[in-house]
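Before any comments, here is the structure.
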Amino acid sequence: MLDAEFFRRWMSATADAVDREAGRLTELDSAIGDADHGSNLQRGFAAVAAALEKERPATPGAVLALAGRQLISTVGGASGPLYGTLLRRTGKALGDDSEVTPGKLAAALGAGVDAVAQLGGAKAGDKTMLDALIPAAGALGESLSFGAAREAADEGALATVPLQARKGRASYLGERSIGHQDPGATSSALLIGTLADTAEA
Ligand code: ADP
Ligand code: MG
Ligand code: MG
């Protein structure tokens, strides 16, 4: 069973990973965007970590809801509302339980991913964060293995390289977006990777 402490550790591990990888995320975004993805997420997840430390929400759902609100209010770019929606919707689907099963988290994450698709109007293959999140949520739902979800997310992020972007800033480049890994899919793979790390710790 996964309790609020597990979800706080996941968010704090994500803040650390985003700090560590900010340079790479921004470099990817400089190729097909506006070179701010790393700093956007650094600012956002630093606010998430600080808010969770201060408020210490008591349930998994409340942890993710607070994290999502922080991302929406602190990240100016497209990724703020999208990641904020992912975490808020996932948290909402977890309800008020003080502990949740991996199966419940898998279903909730699926609902969160659907909400991102609805908000941003993107689908699989559009070269966005969804190209990591959709396979990750699918793998977690099928196998209930966090390691399998991490692998699926990593593969999904890599598979964005040959795609042409159909949503977001990168889509303005048309065919010139081909040949670069999507920054948001890369950060989504980080988010799923830290989930697996937290589960394995
Ligand atoms: P901005 O593009 O506003 O500078 P970021 O650089 O923080 O925002 O985030 C860019 C990432 O957001 C992209 O790499 C992509 O993965 C994701 N993204 C952009 N638009 C959409 C969308 N409509 N649906 C899903 N993801 C999107
Ligand atoms: Mg950007
Ligand atoms: Mg921007």
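Bear in mind that the values in this text are calculations on the coordinates, not laboratory data. If you're wondering where the values come from, they're calculated on a predicted model, not measured in any experiment. Counting neighbours? That spans all protein chains shown, and the Cβs are built from the backbone with ideal geometry, glycine included.
Among W10, A196, A170, which residue has its Cα positioned farthest towards the positive end of the charge dipole of region 2-200, with +1 placed on the Cβ of Lys and Arg, -1 on the Cβ of Asp and Glu, and the dipole taken about the Cα centre?
A170
Could you give the DSSP H helices of the chain that reach 24 angstrom or more along their long axis (alpha carbon positions) and whose average Kyte-Doolittle hydropathy is no lower than 1.6?
Counting only whole DSSP H runs, no helix qualifies.
Around G68, what is the net charge, scoring Lys/Arg as +1 and Asp/Glu as -1 over all other residues with Cβ under 12 Å from its Cβ?
It works out to a net charge of +4.
Helix-derived [θ] at 222 nm for the chain: sum -39500 (n - 2.57) over DSSP H runs of at least 4, divide by residue count, nearest 500?
That comes out to -24000 deg cm²/dmol.
Fewest first, what order do T101, T186 take by the number of other Cβ atoms within 10 Å?
Ascending number of Cβ neighbours within 10 Å: T101, T186.
At each listed q (0.14, 0.15, 0.17 Å⁻¹), what is the log10 of I(q)/I(0) that the Debye formula gives for the chain modelled as equal alpha-carbon point scatterers?
For the chain, the Cα-only Debye profile gives -0.71, -0.82, -1.07.
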